[in-house]
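**Student:** First, the structure itself, so that you have it in front of you.
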Amino acid sequence: ERFAKHYENKPGMKVGIRVNPGVGSGGFSKSTTSFSKTNVGGPSSSFGIWHELVDGPVKDIVEKYGLDVERIHTHIGSGSDPEIWQQVAKQSLSFCKIFKSVHSLNLGGGYKVGRVEGEKTTDLQEIGQPVADAFRTFAEEEGRELKMEIEPGTYLVAMAGALVTTVQDKVTTTGEGGHVFLKLDAGMTDVLRPSLYGAVHPITVLPSSGDVADVGSETEDVVVVGHCCESGDLMTPKPGEPEDLAERTLRQAAIGDLLIMDGSGAYCSGMSTKNYNSFPESPEVLVDREGKPHLIRKRQPLEQIFQNEVQLSSTSIFADPVGASEAA
Ligand SMILES: Cc1ncc(COP(=O)(O)O)c(C=O)c1O
């Protein structure tokens, strides 16, 4: 109602309604249906208007303010279970029946991309066919065709990016719970997904010489960690147990070797914890179809990190104790 009030004197205002369909899915913990940090549907999620309110309070508001609902939108989570996505897609059609003016149903994103062995990539044809049929049935029953919209963020770009880092240090602990750690010159500041979601990324170690002959065949079980002084700055969480660390068998690494984290095209640069611990933003390189590299983001100069800090002299602290004039 708060939103609709803006359009009090503008009947016919076109609006879309994001609905929380009551079911969500997505994430990296063993269950993708209960609470997880990438599940944005169901009772544990604050995204969208709760489905039970649509054919009631929402409809009343739409009528009261003369709004023109042209789109229904649902998005239940990133990396959602294909079966649940299908179920929600069909259920979402029922919200379109409530408003005769709706011409588009936006089903959001959430199409799984398998980054490592054992993770399955969603087959869009397989999940889309029954939903396309449901759209056709809707058209027959309602006498109007809906446009299907999707927002496949991850699906398009997840595998298009890789984080290139250097092994800065190797640390060994022994005894029960001991590990060999590879410490990188990057971390959650660049790819936050493992720390935030327990996401598992493919990792490859390459020799610093860049020479294939130096790759060798020795492997080592290691835990890979980032450069922040945080135990949560972990690049190898345990699959299905986001709070736990896991060893990964990698090519035996020496300090100075390169470590590549693949599958870093989505929710990595855009979701980086910029300037955390005063680390500058990483440079970005685009490799074109011919394999030619192009710098598309420069490494951030250190001065940019503190350029908005305001220096106070001891006299100004006393003259203007809360810095109010400066803030203004
Ligand atoms: C509304 C909406 N649509 C689409 C997406 C993209 O989801 P994904 O990248 O998992 O496909 C998101 C992700 O948060 C979203 O919030």
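The values are calculated or read from the model by the stated rules, or taken from the named source; none is laboratory data. Keep in mind the model is a prediction, meaning the values are calculated, not measured. Virtual Cβ from ideal backbone geometry, glycine too; neighbours counted across all protein chains shown.
**Student:** I need the strands (runs of 3 or more DSSP E) fully contained in segment 125-222, keeping only those with at least 1 residues that are outside the structural domain of K90 (by TED's automatic domain parsing) and away from the ligand (no atom under 16 Å from the Cβ).
**Tutor:** Counting at least 1 such residues, we get 163-172, 180-184, 203-206.
**Student:** Here's another thing I want to ask about it. Tell me which strands (runs of 3 or more DSSP E) are completely within segment 1-118 and hold 2 or more residues being buried (at least 19 other Cβ atoms within 10 Å of the Cβ) and within 16 Å of the ligand (Cβ to nearest atom), or say none if there are none.
**Tutor:** It comes to 14-20, 68-73.
**Student:** Something else: Have a look at A162, A199 and point out the one that is crowded, with 18+ Cβ neighbours inside 10 Å, among the small types (G, A, S) and farther than 30 Å from T74 by Cβ.
**Tutor:** A162
**Student:** Does segment 242-249 contain any residue that is among the aliphatic types (A, V, I, L, M), surrounded by 18 or more Cβ atoms within 10 Å (Cβ to Cβ) and assigned to a strand (DSSP E or B)?
**Tutor:** For segment 242-249, residues among the aliphatic types (A, V, I, L, M), surrounded by 18 or more Cβ atoms within 10 Å (Cβ to Cβ) and assigned to a strand (DSSP E or B): present.
**Student:** Let me ask something additional. Assess whether V23 counts as being assigned by TED's automatic domain parsing to the domain that holds G109, within 18 Å of Q91 (Cβ to Cβ), within 23 Å of the chain's Cα centre (by Cα) and in contact (Cβ under 8 Å) with a residue 60 or more places away in the chain.
**Tutor:** yes
**Student:** For segment 261-312, how many residues meet the condition of being assigned to a loop (DSSP other than H, G, I, E, B), without any contact (Cβ under 8 Å) to a residue 60 or more places away in the chain, over 22 Å from V167 (Cα atoms) and in contact with a helix residue (DSSP H, G or I) (Cβ under 9 Å, 6 or more places away or on another chain)?
**Tutor:** Summing the residues that are assigned to a loop (DSSP other than H, G, I, E, B), without any contact (Cβ under 8 Å) to a residue 60 or more places away in the chain, over 22 Å from V167 (Cα atoms) and in contact with a helix residue (DSSP H, G or I) (Cβ under 9 Å, 6 or more places away or on another chain) in segment 261-312 gives 2.
**Student:** Which number in (1) acidic (D, E); (2) within 30 Å of R299 (Cβ to Cβ); (3) at pLDDT below 95 marks the one condition that D169 misses?
**Tutor:** (3)
**Student:** Across segment 100-155, what is the total count of residues that are out of contact with any His (no Cβ under 9 Å at 6 or more places or on another chain), at positive phi and in contact (Cβ under 8 Å) with a residue 24 or more places away in the chain?
**Tutor:** Final tally of qualifying residues: 1.
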